1. Starting from residues that are assigned to a loop (DSSP other than H, G, I, E, B), at pLDDT 95 or above and in contact with a helix residue (DSSP H, G or I) (Cβ under 9 Å, 6 or more places away or on another chain), keep the ones in segment 234-255 and report whichever is farthest from residue 150 (Cα to Cα).
2. Could you run through segment 218-234 and say how many residues are buried (at least 19 other Cβ atoms within 10 Å of the Cβ) and of a type in the set (Gly, Ala, Ser)?
3. Taking segment 165-221 as the region of interest, how many residues are at pLDDT 75 or above and polar (S, T, N, Q)?
4. Looking at segment 265-282, can you tell me whether even one residue there is aliphatic (A, V, I, L, M) and under 35 Å from the mean Cα position of the chain (by Cα)?
5. For segment 235-259, which positions are loosely packed, with under 13 Cβ neighbours inside 10 Å and out of contact with any Asp or Glu (no Cβ under 8 Å at 6 or more places or on another chain)?
6. Considering only residues of segment 94-110 that are touching a residue at least 24 places away in the same chain (Cβ under 8 Å) and more than 18 Å from the chain's Cα centre (by Cα), which is nearest to residue 13 (Cα to Cα)?
7. Can you go through 60, 22 and tell me which one is assigned to a helix (DSSP H, G or I), modelled with pLDDT of 95 or more and surrounded by fewer than 24 Cβ atoms within 10 Å (Cβ to Cβ)?
8. Identify, please: which residue in segment 158-172 is without any contact (Cβ under 8 Å) to a residue 60 or more places away in the chain and under 22 Å from residue 258 (Cα atoms) and is, among those, surrounded by the most Cβ atoms within 10 Å (Cβ to Cβ)?
Amino acid sequence: MICKDRVVIVTGAGRGLGRAHALEFARQGAKVVVNDLGVARDGTGDAASGPAEDVVAEIAGLGGEAVASPHDIATEDGAKALVALAVETFGGLDVLVNNAGFLRDRMLVNLSEDEWDAVVRVHLKGHFLPLKHAGLHWRAQSKAGNPVDARVINTSSGAGLLGSVGQGNYSAAKAGIVGLTLVASAELARYGVTVNAIAPAARTRMTEDVFAQTMARPADGDFDAMAPENVSPLVVWLGSTESRAVTGRVFETEGGRICVMDAFRHGPSIDQGSRWNPSEIGEAVTVLLAQAPTPEPVYGAS
């Protein structure tokens, strides 16, 4: 019960990772706002409350407390209403898990502007706006003298950290989420808020085609390394009061593995104390690259 009585928002919580997170938070004593539009894997189709309501019913069956949210979190009004629902229903907000998203995969030369905009909107804008309005709530609480011990867990991806062929829109959005996480962790620390990100790998609607080709489901009783429920314990711990010393970090997680990602850092450098001549650059770069680690390959690259 490491999240007992904490109020948690999980976006995209009707299925997959979000559903697993919401259920595990409930098992650990949290009160959960289950946000989901109920649309198709590519974000198309009419919004439906069914998936969110189903998860709320599952939480009630566990003896927990939850409420469904139909809000579009990639709109200002929707994100504001989502945070207000948590505060009005449960009396506050302690944890925001930004998880909502969908895919529209194409090679770059075939990627339409609409497919770019839709994916960047739901992933990147859909992280920014709930984070903004949760941050406004926590800032107001802090300024009013009320103690704040809040958490944000964002959802990036290996595609955002290393790139993924055929997913230029998704990779760009997920990389942007890492940058947003770093900035938010620095800006919100003064109000008692930590901000971290995960880069999960699991079998969900978004990834089922990939994992169907690369990894068969295990036999009954065997450990299912690709089950979304494997990711949720880390997310729940990051949402607990135990994690207050951890912020601005990105954790890769799948199966039973947790890895702290070591992203961009200042590497080898040469400073000659004056402006470079273009003809000198090639030799300098050759020296620098020889001293630097080789980048990990882009997913799907031959």
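1. Initially, segment 234-255 is screened for residues assigned to a loop (DSSP other than H, G, I, E, B), giving 239-240, 244-249, 255.
Next cut, at pLDDT 95 or above only: 239-240, 244-249.
Within this subset, residues satisfying the condition of being in contact with a helix residue (DSSP H, G or I) (Cβ under 9 Å, 6 or more places away or on another chain) are 239, 246-249.
Values: 239: 8, 246: 12, 247: 11, 248: 14, 249: 15 Å.
Ranking the candidates gives 249 first.
2. Residues in segment 218-234 being buried (at least 19 other Cβ atoms within 10 Å of the Cβ) and of a type in the set (Gly, Ala, Ser): 1 in total.
3. Summing the residues that are at pLDDT 75 or above and polar (S, T, N, Q) in segment 165-221 gives 7.
4. Restricting attention to segment 265-282, the residues satisfying the condition of being aliphatic (A, V, I, L, M) are 270, 281.
Right, trim to under 35 Å from the mean Cα position of the chain (by Cα) and you get none.
Checking segment 265-282: not a single residue is aliphatic (A, V, I, L, M) and under 35 Å from the mean Cα position of the chain (by Cα).
5. Within segment 235-259, 242, 245, 256, 257 qualify.
6. Checked segment 94-110; the qualifying residue nearest to residue 13 (Cα to Cα) is 105.
7. 60 is the lone residue from the list that is assigned to a helix (DSSP H, G or I), modelled with pLDDT of 95 or more and surrounded by fewer than 24 Cβ atoms within 10 Å (Cβ to Cβ).
8. 160
The values are calculated or read from the model by the stated rules, or taken from the named source; none is laboratory data. Quantities reported herein were computed from a predicted structural model and do not represent experimental measurements. Quick reminder, even Gly has a Cβ in these numbers, built from the backbone with ideal geometry, and neighbours come from all protein chains shown.
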